[in-house]
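For reference, the structure discussed in these notes is given below.
The values are calculated or read from the model by the stated rules, or taken from the named source; none is laboratory data. Values in this document were obtained by computation on a predicted structure and should not be read as measured data. Neighbour counts run over all protein chains shown; Cβ positions are idealised from the backbone, glycine included.
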Amino acid sequence: MKFTVADLLDQLSTSDNLAPAQLEKALGLTDADDQRKLRIGLAALERLALVEQGEEGLRRCESPDLIPARLRCSSKGFCFALRDDAGEDIYIRDHQLNHAWNGDRVLVRITREGGRRRSPEGSVQCILQRHTTRMLGHVERQGERLVAVPLDDRLLTTVTLPETDATHLEQRDSHVVEVEIDRFPVAQFAPEGHVARSLPLNGGDDADLELLLVKHQLQDDGSAPRLTLKAPVEKGREDYTGLPSLIPRPWVAADAPAVPALSLEARDTGWRLWVHAPAIAERLGLATAVDTWMREQGEALPLGKRWRPLLPQSLTKACAFSPGIEQAALSVVLDLGPDGELEHYRFQLSRVRPLATLDQAALEALTDRKPKGRTLPAALKNHKGHLELLERLVEVTAVLRQRRLAAGSLDLDVPPPPLEGLGDALRTGPDAGREGWWLALPDAHPAALLREAVLVAHRALGHHLAALGLPAIYAVNPPPDPAAINEVAKAALALDIPLELSSDGNASAAELAAAFAHTDRGRVWQQQIRDTLSNTQLSDGPGAHALAGDPIAVAPWTCPSLHYADLFNQHLLVTLLTEGKDRPTVRHKTSVDLASDASHGAIDWPLLTPTQLAPFEDSLRHGLVLRLNGRRLVVAEFQADRLAMAQARWAEPRVGQTLQGVISGVQSYGFFVEVPPSMVEGLVHVSSLKDDWYEYRSRQSQLVGRKSRRTYMVGDPVGVVIEKVDVLRHQIDLSVVVPEEGAAMEAHDSRDAADADGADADGASL
């Protein structure tokens, strides 16, 4: 079947009718069998009162009591529906799942309202889209059935296999199988599937990567459809080939996504900064077969030493910037004040000829270079003619960063560990702020140069499109929850970490991060802040972006080879620049500059015709933003798992060894320890602490021994033994090396005396 229920419903409107033939065309159904399946699906949706069909065609029914959500289950059998509208999570009992699995998009009806300490409860009424079409598992025989048992214990099911797959029973200890789902569960019938292939458990980095791609449904679905490239528009194109421009390159893989180029000039009061993005949107049409394929990809994916690109190879080759090569671009001119304030901007079709590529080695050499040194470091030899431009870019980057931080943005000094084999997956890019924080970088770093410049460019387009009222994709990031931040601050104060709170007694995430950075527990406490932050999301309407320090709107567009949202907005910007109506009628002699912020408030006529707007409005109405957010989440989970598996592989040969680590979290059931240099995190379960009976004090994030008064708290150094490593589940079991009694008591006497006076009422016996 080539469509999902979500695809079908996205094509229907609650106000306008759609003929069945038009629906078949919109879904790309030309095969008679697929059309028959569509009729079956429509009949089922009619019974659910989601669709109504009459003589005039099909229409989607209003269903205010049905809430779109994504299922998140645990290995214990607890399932919650995470609402698309970011409302309160809905608890789903197992008998109310109606065959839905973890990760599925569903429609939920609330059956019981939530109370003071209880989540609302609901039942799954319809499965919109299946998340798991393939899974990893072991082949087992259960009675007379041959089944695949999922490795992911959040999938609360088994899958029936044909007897021909019994040959995989012998490989259980050395291999897992990839199972393709042939039929999802229906009524009393169990799910069925077949083994697509066998994958080794210890086959090296490439085999581990393949395991994770299957786990996250990111298997390679083949090459892009054939593409015929368009020629860039030449009319009105600004010639910037004589303007010095540089390409900061944050990644090292040869097939890494194309990035913008930067130019800079000093003004009497401030700077003029140019951001030149590769002109990708001009070379292909919106809503074409290739464009639809890229929407499904959503993101370029770093796989270590190589990338899975978002764009077809021919498109990347035609558009990417190279030193000394003239290339079409889409540029924005940003007039900045001396403090980095954005004063004016103007977008332009352009042509550029970059001078050179900036890598990390060159910028580090620039930082280490002596001001009056006569010799030039080898890494700067290729930049001899534009050192002044380099220095100015670093200077402006520092100013923009300080302004962003002053507006409430957040940098955390929690870099990923330097693990071999992960390559570009560990290198930050201009977009690496999805989790609600930026990685702290030196100003002289290619990713820092890109990030600060790109943020201003995205703010400019966000303000422009919001002011003109055009349909676009925006990035929104809510500010941190004050209550959650205050809990971190209270825990830090309870441990005598010096903090200065504002006059109202509240702490900000940025203030806490700055305070923690100057302590010997800086990394683990910044991680505590990180866990309270909200992810950046895409939206079809403007909104505040706390991470960019912007209260109005941010619209991404400069990295279209990295994210489809940037490509969508670039299509809109090109349409505005080439087809926008700059005066009410042709009889008016005075026109408005649609590319500039000077046009704001001066337009009272439609800028684009309904036909020109239709592809953009239809895409947003049919759930494009929701799908891109879903893809971003999958990619983020994959990247987190990729790092966790590499860390587990590092720990695997060290089972039985004693290593020094730092306590990174404390819970009632034990504490987590982060072990350098891989920064792998393992659990010391409270049941393994045989020397005493420990109480959990949540407010101070510590475990305290009743007799010995020994404490385990966040940030404490501790010796641990690696007891067990489960690579597939990324679970590390540790045991603590208990120090000799005299040394331990001497180290903790002063802290215990303070704790005894201020013991919490919430101390729980374990």
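Annotations
- Matching entry among 336, 310, 315 (being buried (at least 19 other Cβ atoms within 10 Å of the Cβ) and more than 18 Å from residue 279 (Cα to Cα)): 336
- Of the strands (runs of 3 or more DSSP E) lying entirely inside the stretch 644-747, the ones with 3 or more residues being more than 16 Å from residue 527 (Cα to Cα) are found at 658-667, 680-685, 694-697, 702-705, 717-726, 731-736.
- Among the residues of this structure, residue 447 does not count as one that is touching a Ser or Thr at 6+ places or on another chain (Cβ under 8 Å) and under 30 Å from residue 606 (Cβ atoms).
- Any hit, the stretch 718-727, residues being more than 24 Å from residue 656 (Cα to Cα) and crowded, with 19+ Cβ neighbours inside 10 Å: no
- Subset of the stretch 578-617 (residues that are charged (D, E, K, R), free of Cβ contacts under 8 Å to residues at least 24 places away in the same chain and over 22 Å from residue 237 (Cβ atoms)): 587, 589, 604
- Within the stretch 181-191, the residues that satisfy the criterion of being buried (at least 17 other Cβ atoms within 10 Å of the Cβ) and either assigned to a strand (DSSP E or B) or under 30 Å from the mean Cα position of the chain (by Cα) (or both) are 181, 184.
- Residue check for residue 14: in contact with a Cys (Cβ under 9 Å, 6 or more places away or on another chain) and under 26 Å from residue 287 (Cβ atoms): yes
- Elements of type strands (runs of 3 or more DSSP E) in the stretch 40-110, at least 3 residues being buried (at least 21 other Cβ atoms within 10 Å of the Cβ): 66-73
- In the stretch 540-558, the residues that are crowded, with 24+ Cβ neighbours inside 10 Å and more than 20 Å from residue 620 (Cβ to Cβ): 547, 548, 550, 558
- Test: residue in the stretch 473-489 that is more than 17 Å from the chain's Cα centre (by Cα), modelled with pLDDT of 95 or more, in the same structural domain as residue 597 (by TED's automatic domain parsing) and not hydroxyl-bearing (Ser, Thr, Tyr): no
- Here residue 144 fulfils each of the conditions (1) touching a strand residue (DSSP E or B) at 6+ places or on another chain (Cβ under 6 Å); (2) among the acidic types (Asp, Glu); (3) not assigned by TED's automatic domain parsing to the domain that holds residue 77 apart from (1).
- Answer residue from the stretch 213-269, given it is of a type in the set (A, V, I, L, M, F, W, C) and not assigned by TED's automatic domain parsing to the domain that holds residue 345 and is farthest from residue 294 (Cα to Cα) among those: 233
- Any hit, the stretch 646-661, residues being surrounded by 17 or more Cβ atoms within 10 Å (Cβ to Cβ), among the aliphatic types (A, V, I, L, M) and touching an Asp or Glu at 6+ places or on another chain (Cβ under 7 Å): no
- Any hit, the stretch 523-532, residues being buried (at least 23 other Cβ atoms within 10 Å of the Cβ) and within 30 Å of residue 598 (Cα to Cα): no
- Among the candidates 214, 149, residue that is over 24 Å from the mean Cα position of the chain (by Cα) and either assigned to a strand (DSSP E or B) or buried (at least 16 other Cβ atoms within 10 Å of the Cβ) (or both): 149
- Count of the stretch 461-503 residues which are in a helix (DSSP H, G or I) and among the aliphatic types (A, V, I, L, M): 14
- Filter pass, residue 233 being part of a strand (DSSP E or B) and either exposed (fewer than 13 other Cβ atoms within 10 Å of the Cβ) or of a type outside the set (Phe, Trp, Tyr) (or both): no
- Looking only at the stretch 511-522, residues that are surrounded by fewer than 21 Cβ atoms within 10 Å (Cβ to Cβ) and assigned to a helix (DSSP H, G or I) come to 5 in all.
- Matching entry among 607, 633, 613, 626 (being in a loop (DSSP other than H, G, I, E, B) and within 22 Å of residue 568 (Cβ to Cβ)): 607
- Residues located in the stretch 250-297, provided they are crowded, with 20+ Cβ neighbours inside 10 Å and more than 22 Å from residue 574 (Cβ to Cβ): 250, 251, 256, 264, 271
- Residue within the stretch 358-378 that is of a type in the set (D, E, K, R), closer than 30 Å to residue 234 by Cα and touching a Lys or Arg at 6+ places or on another chain (Cβ under 8 Å) present: no
- Looking across the stretch 354-363, the residues that are buried (at least 16 other Cβ atoms within 10 Å of the Cβ) and within 31 Å of the chain's Cα centre (by Cα) come down to 354, 356, 357, 358, 359, 360, 362, 363.
- Within the stretch 207-225, residues that are more than 14 Å from residue 132 (Cβ to Cβ) sit with their Cβ atoms under 6 Å from residues that are part of a loop (DSSP other than H, G, I, E, B) and of a type outside the set (A, V, I, L, M), at 6+ positions apart or across chains, in these pairs: 224/312.
Rundown of residues vs (1) part of a helix (DSSP H, G or I); (2) surrounded by fewer than 23 Cβ atoms within 10 Å (Cβ to Cβ); (3) in contact with a Pro (Cβ under 8 Å, 6 or more places away or on another chain); (4) without any contact (Cβ under 8 Å) to a residue 60 or more places away in the chain, yes/no style:
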| site | (1), (2), (3), (4) |
| --- | --- |
| 424 | yes, yes, yes, no |
| 430 | no, no, yes, no |
| 435 | no, yes, no, no |
| 448 | yes, no, yes, yes |
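- When residues of the stretch 564-601 are limited to those that are of a type in the set (Gly, Ala, Ser) and in a loop (DSSP other than H, G, I, E, B), the one farthest from the chain's Cα centre (by Cα): 591
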